[in-house]
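**Student:** First the structure, which I've put down as structure tokens, then a few questions once you've had a look.
The values are calculated or read from the model by the stated rules, or taken from the named source; none is laboratory data. A quick note: this is a predicted structure, and the numbers were derived from the prediction, not measured. Because the Cβ atoms are built from the backbone with ideal geometry, glycine has one as well, and the counts that use them run over all protein chains shown. Just the protein is used for accessible areas: all its heavy atoms, side chains included, with ligands, DNA and RNA removed. Shrake-Rupley method; radii C 1.70, N 1.55, O 1.52, S 1.80 Å.
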Amino acid sequence: DAGVIQSPRHEVTEMGQEVTLRCKPISGHNSLFWYRQTMMRGLELLIYFNNNVPIDDSGMPEDRFSAKMPNASFSTLKIQPSEPRDSAVYFCASSLGGGRDKDSPLHFGNGTRLTVT
Amino acid sequence: GNSVTQMEGPVTLSEEAFLTINCTYTATGYPSLFWYVQYPGEGLQLLLKATKADDKGSNKGFEATYRKETTSFHLEKGSVQVSDSAVYFCALSSTDSWGKLQFGAGTQVVVTP
């Protein structure tokens, strides 16, 4: 049973470049979440989708960040242009929940470690 | 709003010692509570959960009881092993959170042989 799949596992890029992170949620899950993890800030929710529709993007740090979910099996998080302070581990997670469901756990991918030099 | 507070780490203990990680929460209504574990270089994995007051979640020797009167969900394990070294996150989800999880800051646990 495949879990949440993220690619790439590691990304090193120079400041100003565009970065695209990819996520394939677990089949049948209808909610998808993008988190960012840093030592300073811990886990931060950036955006989440329910049935492919963005529900809340208030965690997206600024206009340089954008996320899409064109279908139920794929999502991207894009940073353009990237900056050194964007260096972090980015996690994608999916769940069966959404709406008023509070019991469904999140299933996390192994993350993409982004380094912007 | 919802919030989760857990004890700061790192917590360092010897193999076979008893582990407790405190977690308290603030939430409206009746949230569901979760413990996640993160091993180095990996994503978070669900360790256990409890969805209503007095429920006890358990998995891999870990236990936590949903205490509404003290708004707590402390994680315990009677005899830790070196392989339990990881970062542990307490989290909650409520009916008004659309499935979002509110995470605590995480507690690093280091178990030495």
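**Student:** Do we have any residue at all in the range B:27-50 that's more than 14 Å from chain A (Cβ to nearest Cβ), out of contact with any Cys (no Cβ under 6 Å at 6 or more places or on another chain), in contact (Cβ under 8 Å) with a residue 24 or more places away in the chain and buried (at least 16 other Cβ atoms within 10 Å of the Cβ)?
**Tutor:** Our first condition is that a residue be more than 14 Å from chain A (Cβ to nearest Cβ); within the range B:27-50, this holds for none.
Scanning the range B:27-50 turns up no residue that is more than 14 Å from chain A (Cβ to nearest Cβ), out of contact with any Cys (no Cβ under 6 Å at 6 or more places or on another chain), in contact (Cβ under 8 Å) with a residue 24 or more places away in the chain and buried (at least 16 other Cβ atoms within 10 Å of the Cβ).
**Student:** If B:LEU92 satisfies every condition in (1) in a strand (DSSP E or B); (2) at pLDDT 95 or above; (3) touching a Leu at 6+ places or on another chain (Cβ under 8 Å) but one, which is the exception?
**Tutor:** Checking B:LEU92 against (1) in a strand (DSSP E or B); (2) at pLDDT 95 or above; (3) touching a Leu at 6+ places or on another chain (Cβ under 8 Å), the one that fails is (2).
**Student:** Among the residues of the range A:82-117, what is the count of those that are open to solvent by 60 Å² or more (accessible area, probe 1.4 Å), touching a strand residue (DSSP E or B) at 6+ places or on another chain (Cβ under 9 Å), within 14 Å of chain B (Cβ to nearest Cβ) and not hydrophobic (A, V, I, L, M, F, W, C)? Please lay out each step first, then the result.
**Tutor:** First pass over the range A:82-117, keeping only residues open to solvent by 60 Å² or more (accessible area, probe 1.4 Å): A:84-85, A:96, A:100, A:107, A:110, A:113, A:117.
If we keep only those that are touching a strand residue (DSSP E or B) at 6+ places or on another chain (Cβ under 9 Å) as well, we get A:84-85, A:96, A:107, A:110, A:113, A:117.
Remaining after also requiring within 14 Å of chain B (Cβ to nearest Cβ): A:96, A:107, A:110, A:113.
Keeping just the survivors that are not hydrophobic (A, V, I, L, M, F, W, C) gives A:107, A:110, A:113.
The qualifying residues number 3.
**Student:** Search the range A:24-37 for residues being away from chain B (no Cβ under 11 Å) and open to solvent by less than 80 Å² (accessible area, probe 1.4 Å), and hand back the single one that is farthest from the chain's Cα centre (by Cα). If you could, list the steps in order and put the result at the bottom.
**Tutor:** Residues of the range A:24-37 away from chain B (no Cβ under 11 Å): A:24-28, A:34, A:36.
Those left that are additionally open to solvent by less than 80 Å² (accessible area, probe 1.4 Å): A:25-26, A:28, A:34, A:36.
Values: A:PRO25: 11, A:ILE26: 14, A:GLY28: 18, A:TRP34: 3, A:ARG36: 7 Å.
So the residue we want is A:GLY28.
**Student:** For A:ILE26, indicate whether it is outside any loop (DSSP other than H, G, I, E, B) and β-branched (Val, Ile, Thr). First the steps, then the outcome.
**Tutor:** Values: outside any loop (DSSP other than H, G, I, E, B): no; β-branched (Val, Ile, Thr): yes.
Taking the combined requirement at face value, the residue does not satisfy it.
**Student:** Go through the range A:38-80 and tell me which strands (runs of 3 or more DSSP E), entirely inside it, have 1 or more residues that are touching a strand residue (DSSP E or B) at 6+ places or on another chain (Cβ under 9 Å), more than 14 Å from chain B (Cβ to nearest Cβ) and of a type in the set (S, T, N, Q). Can you show your working first?
**Tutor:** Values: elements: A:42-50, A:53-56, A:65-71, A:74-79.
Those strands (runs of 3 or more DSSP E) span A:65-71, A:74-79.
**Student:** For A:ILE79, state whether it is open to solvent by less than 20 Å² (accessible area, probe 1.4 Å) and at negative phi. Walk me through it before giving the result.
**Tutor:** Values: open to solvent by less than 20 Å² (accessible area, probe 1.4 Å): yes; at negative phi: yes.
Against the criterion (open to solvent by less than 20 Å² (accessible area, probe 1.4 Å) and at negative phi), A:ILE79 qualifies.
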